[in-house]
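Heads up: the structure comes next, in structure tokens.
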Amino acid sequence: MDITAIQHWLLANPGWVIASIGAVSFVESFALLGIIVPGIIILGAASFAAGAVDLSLPGCLIAAFAGAVSGDGVSYMLGRIFHADIKRAWPFRKHPIWIANGEAFFDRHGAWGVALGRFVGPIRPVIPLVAGILSMPARRFFLINVVSGTAWSPLYVLPGYMLGAAVESKGASPALLVGAAVGIIGSSVALFVLRQRSKRN
């Protein structure tokens, strides 16, 4: 997948950028696609384009939040409806370890795993599905889904957005460059801490 070509297309078609952020966030969070689609990379490209063409930052964050929460919500409902039968669906029938790892993670962390799992690499898209398979109460799941989605969207959108704004602005003001650097460093530190915590627990 040519990420550079996607980014150039978005820069040339700014009317599609916010919709793309929402759609990519959904795909990244959806259990059947989030494992195989490089959603975070595409989201970074879309966020960069949004900053470069000076789109509304709140609009970008809302789109990312809505896509992520919807993707996790649909994955959870699939798990609740089909339970263990989902393991026979593509792509899980060919890669049973994906759900097995998600179940082990969920068993280790319980309800906290829904929030923590949103930030942890390849198992992220399967955690909501596993929560549904294991019949986690819907009210608890959706509460955690919304709260963690509120933290997820700025963590993944802000660095690209600030970098795009800094690079594409005339003269790239020091304030924008500092903001981009702080966003990237802050997001990297937060992700490192979350992943280390998941390994320790």
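The values are calculated or read from the model by the stated rules, or taken from the named source; none is laboratory data. No experiment lies behind these values; they were computed from the predicted model shown. Because the Cβ atoms are built from the backbone with ideal geometry, glycine has one as well, and the counts that use them run over all protein chains shown.
Observations, loosely collected:
- Residue tally, condition closer than 24 Å to residue 43 by Cβ and at pLDDT below 90, over the range 65-89: 0
- All told, residue 36 falls short of being aliphatic (A, V, I, L, M), out of contact with any Asp or Glu (no Cβ under 6 Å at 6 or more places or on another chain) and under 19 Å from residue 138 (Cβ atoms).
- Selection count where residues are surrounded by 24 or more Cβ atoms within 10 Å (Cβ to Cβ) and in contact with a Ser or Thr (Cβ under 9 Å, 6 or more places away or on another chain), scope the range 21-33: 5
- Matching residues in the range 104-160 - criterion: being over 18 Å from residue 78 (Cβ atoms), in contact with a Ser or Thr (Cβ under 6 Å, 6 or more places away or on another chain) and modelled with pLDDT under 90: 115, 116, 120, 155, 159, 160
- Scanning the range 51-102 for residues that are in a helix (DSSP H, G or I), over 19 Å from the mean Cα position of the chain (by Cα) and surrounded by fewer than 20 Cβ atoms within 10 Å (Cβ to Cβ) gives 80, 81, 82, 83, 84, 85, 87, 88, 96, 97, 100.
- Annotation note: of 19, 45, 23, the sole residue that is closer than 14 Å to residue 164 by Cα, hydrophobic (A, V, I, L, M, F, W, C) and modelled with pLDDT of 90 or more is 45.
- Test: residue in the range 16-26 that is over 18 Å from residue 121 (Cα atoms), free of Cβ contacts under 8 Å to residues at least 24 places away in the same chain and part of a helix (DSSP H, G or I): yes
- Screening the candidates 114, 37 for the property of being among the β-branched types (Val, Ile, Thr) and surrounded by fewer than 20 Cβ atoms within 10 Å (Cβ to Cβ) yields one hit, 37.
- Applying the set (1) buried (at least 24 other Cβ atoms within 10 Å of the Cβ); (2) among the aliphatic types (A, V, I, L, M); (3) in a helix (DSSP H, G or I) to residue 42 leaves exactly one unmet item: (1).
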